[in-house]
Each structure stands twice: as C-alpha cells, then as structure tokens.
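Each value in this text was obtained by applying a stated rule to the coordinates, not by laboratory testing. As the structure is a prediction and not an experimental result, all values here were calculated from the model. Virtual Cβ from ideal backbone geometry, glycine too; neighbours counted across all protein chains shown.
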Amino acid sequence: MKKISGLVLVLFLLASLSCTSAGDNNRENSTGAIKEGVVNQLTTEMFKKLVYDYQKNPKDWVYEGKLPCIIDFYADWCRPCRMVAPIMEELANQYKGKVVFYKLNTDQEMELSQLFKIQSIPVILYVPANEKPQMSVGLSGKEEYTEQIKSLLLKPEANNQH
C-alpha cells in the first residue's frame, strides 16, 4: 500500500511540475513581446493589435501583421490539441522569420472563439499577409501543416524563387 501511495505522490508531483512549466511559458509570452521561432500565447487584446482589430474594422479583414501567421485554437483538456502543440513548435522553429506562430486558448478567449465560430478543436487559422485567412479543423500531420504553410502563406515567396 505504501508503494502505491508513494507512486501516486511521485506521479502527482511530476504532473504538477509539467503543468507549472507550461503555465510559465504562457505568462512569459502574455506580455505582448512576440518571439520568433516559438509559438506565442495570444490573448484577445493581443489578437486585436497583432492580427485583426475586428472592432475597428468589423466588415473588412485588415491584417495587422507584417509576416503571415498561424493561430492554433486549442484547449488544455483537448488531447488532439496537445498532439498538435509539438508539431507547431517544430514548424515555428523551421519557419522562423517567415511565419509567426500563435496559440489561443478557446476556454480563456471565448470572444474570439465565438467570432470565428469555433465549435470543434483543434482549429488552425492560416493568415496570409495580404489575403483573407483560411481555417483547417481537426488534427493533421506535420506534412499537411507544412503543405498548407507553403501553399497558403508562402506562395508569393515560392513564385519569386522560380
């Protein structure tokens, strides 16, 4: 019995540490400082400054960023969302300086979830620099996300290289 309770205690401590470190990363990025090569936590206020101010431009999509971006709409309790997270981290590093990566917690940012009519997660929003965004619903593999980045976000760059 002591072995089982000791094991439960160790597992609880490990789980607490992993949740704490993830929370610390979110707080670090919530200051508004956007880092390249990582997935930045996005709040509604940051969204309005960095992506789209839907209150100022309710009828026309006006992208506020310079580089295209990806927004991963997720929730902590969502298993497929947790599977997407490391893929997005890899891609953020791979496309550093070309695409900005964000994640947005749908439980905490309900206004944006409603604005985009999020009913199922994960949702990936691809936001080109000069076009309207496109949405992908559900879990995909790294190859699919890479293909979407190339075709939706970096196509002008690809055309310039040929």
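Tabulated results
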item: Viscosity 0.692 mPa s, 37 °C: Kirkwood-radius Stokes-Einstein D of region 26-106 over Cα pairs, µm²/s; result: 249
item: Net charge, ASP76 excluded, C-beta distance under 13 Å - Lys, Arg +1, Asp, Glu -1; result: 0
item: log₁₀ of I(q)/I(0) at q = 0.09, 0.10, 0.15, 0.18 Å⁻¹ - region 34-161, Debye sum with one point per alpha carbon; result: -0.23, -0.28, -0.65, -0.96
